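Student: For reference, the structure I am asking about is given below.
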Amino acid sequence: MQTQARLTVDVARLAKTGERLTGELDGAVLDLGNTAGLIEPASGIRYDLRVEPIDSELLVRGSVSATVACICSRCAARFETPIKESFFVASYPLEETTDIVDLTADLREAIILLLSGYPVCQEGCRGLCPRCGTNLNEASCRCKSEDADGRWNALDVISLSRGRTKGAQSGRSAGCDAGKRNHVNGSKRSVSNGGTEKEEI
Ligand SMILES: [Zn+2]
Ligand SMILES: [Zn+2]
C-alpha cells in the first residue's frame with residue numbers, strides 16, 4: 001500500500017451520507033522529534049475512518065494505529081509494539097469557505113498520546129542488574145545476594161538515625177539491629193550525662 005504524507009478530506013466532493021476512508025500515512029508523519037532512538041516509528045499511521053458531514057460539522061470516527069520501535073526502559077532491548085486508538089473521534093467546523101479539512105495532525109496526535117514515556121519490552125521485564133549490567137531476562141548474576149544485603153544496610157542507616165534522635169529517651173527499643181542501636185544510645189547517653197565521655201573512655 002502506498003503511504004501518504006497527509007490525509008485531507010475534500011469537503012465539496014464528499015458524499016452527503018459520508019464516506020469510509022482507509023489508508024496509511026508515512027511513518028515520518030509521526031515526527032517524534034529527537035528521542036535519541038528511544039522511540040521511532042516502525043510503520044506508517046494506518047487509519048480506518050468514517051467521515052460524515054453532520055449539520056455544520058465534519059465528524060470523523062474510527063481507528064488509528066501504528067507500530068513503533070522502542071528501547072525498553074528496564075533492559076535496553078529494542079522491541080516493536082503496536083499502538084492503536086480504536087475510538088478516534090474528531091470534529092471540524094464546516095463553514096461556507098471550507099474546501100479541505102486536514103486530518104493529519106489529529107491522527108498523529110492520537111498515536112502520540114498513546115506512547116509510553118517508559119516503554120517496557122514485556123510486563124515482567126526484569127531489567128538489567130544495576131551492578132554488573134547482566135540482562136536478568138536472559139541470565140542471572142552473582143550480585144543478587146549482595147543486593148539483598150544492600151537493602152538491609154539501607155534499613156540499618158534509617159534505624160541508626162532514629163536512634164540518634166530518639167535513642168536518648170529510651171534505651172528499650174528492640175529490633176533486628178539492636179546491637180548497633182544500643183551502641184549509639186550508649187555513646188549518646190554518656191554525652192548527656194554531663195560530659196563524662198572522655199573520663200569513661
Ligand atoms: Zn525489557
Ligand atoms: Zn549483577
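Student: Within the range 44-70, track down each residue that is surrounded by fewer than 18 Cβ atoms within 10 Å (Cβ to Cβ), assigned to a strand (DSSP E or B) and not charged (D, E, K, R). Working first, answer last.
Tutor: Here is the first cut: in the range 44-70, the ones surrounded by fewer than 18 Cβ atoms within 10 Å (Cβ to Cβ) are 48, 50, 54-57, 59, 61, 63, 67, 69.
If we keep only those that are assigned to a strand (DSSP E or B) as well, we get 48, 50, 54, 57, 59, 61, 63, 67, 69.
Result: 54, 59, 63, 67, 69.
Student: If you take the residues in the range 92-121 that are part of a loop (DSSP other than H, G, I, E, B) and either within 16 Å of ligand 2 (Cβ to nearest atom) or over 17 Å from the mean Cα position of the chain (by Cα) (or both), which one is farthest from residue 36 (Cα to Cα)?
Tutor: 96
For (1) away from ligand 1 (no atom under 15 Å from the Cβ); (2) modelled with pLDDT of 90 or more; (3) closer than 30 Å to residue 45 by Cα, each residue gets a yes or a no:
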residue: 113; (1), (2), (3): yes, yes, yes
residue: 120; (1), (2), (3): no, yes, yes
residue: 129; (1), (2), (3): no, yes, no
residue: 133; (1), (2), (3): no, yes, no
residue: 151; (1), (2), (3): yes, no, no
residue: 155; (1), (2), (3): yes, no, no
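Student: Using the structure shown, decide if residue 75 is farther than 26 Å from residue 34 by Cα, surrounded by 17 or more Cβ atoms within 10 Å (Cβ to Cβ) and within 16 Å of ligand 2 (Cβ to nearest atom). Even if it seems obvious, please write down each step before you answer.
Tutor: Values: farther than 26 Å from residue 34 by Cα: no; surrounded by 17 or more Cβ atoms within 10 Å (Cβ to Cβ): yes; within 16 Å of ligand 2 (Cβ to nearest atom): yes.
Spelling it out, it is not the case that residue 75 is farther than 26 Å from residue 34 by Cα, surrounded by 17 or more Cβ atoms within 10 Å (Cβ to Cβ) and within 16 Å of ligand 2 (Cβ to nearest atom).
Student: Further, regarding this structure: Could you tell me whether the range 2-9 includes any residue that is out of contact with any Lys or Arg (no Cβ under 9 Å at 6 or more places or on another chain) and within 16 Å of ligand 2 (Cβ to nearest atom)? Even if it seems obvious, please write down each step before you answer.
Tutor: At the first step, the residues of the range 2-9 found to be out of contact with any Lys or Arg (no Cβ under 9 Å at 6 or more places or on another chain) are 2-9.
Going one step further and asking which of them are within 16 Å of ligand 2 (Cβ to nearest atom), we end up with none.
Looking for residues that are out of contact with any Lys or Arg (no Cβ under 9 Å at 6 or more places or on another chain) and within 16 Å of ligand 2 (Cβ to nearest atom), one finds none in the range 2-9, hence no.
Student: Residues that are within 16 Å of ligand 1 (Cβ to nearest atom), part of a strand (DSSP E or B) and at negative phi: does the range 80-91 have at least one? Spell out how you get there, then give the answer.
Tutor: Narrowing the range 80-91 to residues within 16 Å of ligand 1 (Cβ to nearest atom): 80-81.
When the remaining residues are screened for being part of a strand (DSSP E or B), the result is 80-81.
Narrowing the set further to residues that are at negative phi leaves 80-81.
Within the range 80-91, one or more residues are within 16 Å of ligand 1 (Cβ to nearest atom), part of a strand (DSSP E or B) and at negative phi.
Student: Test residue 8 against the criterion of being among the hydroxyl-bearing types (Ser, Thr, Tyr), over 20 Å from residue 109 (Cβ atoms), surrounded by fewer than 18 Cβ atoms within 10 Å (Cβ to Cβ) and over 19 Å from the mean Cα position of the chain (by Cα), and give yes or no.
Tutor: Working: among the hydroxyl-bearing types (Ser, Thr, Tyr): yes; over 20 Å from residue 109 (Cβ atoms): no; surrounded by fewer than 18 Cβ atoms within 10 Å (Cβ to Cβ): yes; over 19 Å from the mean Cα position of the chain (by Cα): yes.
Criteria not met by residue 8.
The values are calculated or read from the model by the stated rules, or taken from the named source; none is laboratory data. Note that the structure is predicted; figures quoted are calculated from it, not measured. Because the Cβ atoms are built from the backbone with ideal geometry, glycine has one as well, and the counts that use them run over all protein chains shown.
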